[in-house]
Amino acid sequence: MSKKLLWIAIPVILLIVAFVWVKGVYNTMVTQDEKVKTAWSQVENQYQRRLDLIPNLVNTVKGYASHEQSTLEGVIEARAKATQTTIDTDNLTPEKMQAFQHSQAELSNALSRLMVVVERYPELKANQNFLELQAQLEGTENRIAVERQRFNEVAQGYNTYIRQFPTNILSGIFGFQSKAYFAAESGAEKAPVVAF
């Protein structure tokens, strides 16, 4: 009787151990995935902050530089494109991340052109409202960089976890996929040329 009980108990214990292990791995993958989603929403939050500041900045510049219409329209157009480019956190593929980064880079370039225009208007550079908006925009750019770094760190932790053996077997079974990273824009490795 005890041998028969032993033959029943061993498989039951192995099943319980396997269940506990699978449950633990699955729950860890879910937790890691939620951390990636949270980090991504913080990135989007900072980009939204930048998008919200741009109309105020453009309107302030309009009052001083109305004949710089093409630059102002370029900023507005780039903002509209950046607003349209969104990514679902369940589908953070490298291609979608690249498209998102491209639209944000276009907006950054348009803002840079706007700041060049501002240099031609000393009275605008002295305007308190403009100075505050410019400081907020600079602070937002720093926040974006910090949140992008945090996102990459969290995504790396998640990607590493789901790709390690034997977790990779369960991540494949349960459909957990790697998340894309933010990457430097092409040409970022070259130092800018400053000429006076």
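Couple of notes before you dig in:
- Filtering region 90-125 to residues that are under 24 Å from ASP33 (Cα atoms), hydrophobic (A, V, I, L, M, F, W, C), touching a Lys or Arg at 6+ places or on another chain (Cβ under 9 Å) and part of a helix (DSSP H, G or I) leaves only MET97.
- In region 64-98, of all residues being over 16 Å from GLU44 (Cα atoms) and of a type in the set (A, V, I, L, M, F, W, C), the one that is nearest to the chain's Cα centre (by Cα) corresponds to ALA78.
- So ALA80, is it part of a helix (DSSP H, G or I) and closer than 30 Å to PHE130 by Cβ: yes
- Residues of region 25-69 satisfying the condition of being of a type outside the set (A, V, I, L, M) and part of a loop (DSSP other than H, G, I, E, B): SER66, HIS67, GLU68
- Test: residue in region 13-26 that is within 30 Å of GLN149 (Cβ to Cβ), at pLDDT 85 or above and not aromatic (Phe, Trp, Tyr): yes
- Among residues of region 26-51, those that are aliphatic (A, V, I, L, M) and buried (at least 18 other Cβ atoms within 10 Å of the Cβ), counted: 4
- Residue list for region 167-196, filter: of a type in the set (Lys, Arg) and modelled with pLDDT of 90 or more: LYS179
- Looking across region 117-129, the residues that are touching a residue at least 24 places away in the same chain (Cβ under 8 Å) and either in contact with a Ser or Thr (Cβ under 9 Å, 6 or more places away or on another chain) or among the acidic types (Asp, Glu) (or both) come down to VAL117, GLU123, LEU124, ASN127, ASN129.
The values are calculated or read from the model by the stated rules, or taken from the named source; none is laboratory data. Small disclaimer: the values here were computed from a predicted structure and weren't measured. Positions of Cβ are backbone-derived with ideal geometry, glycine not excepted, and every protein chain shown enters the neighbour counts.
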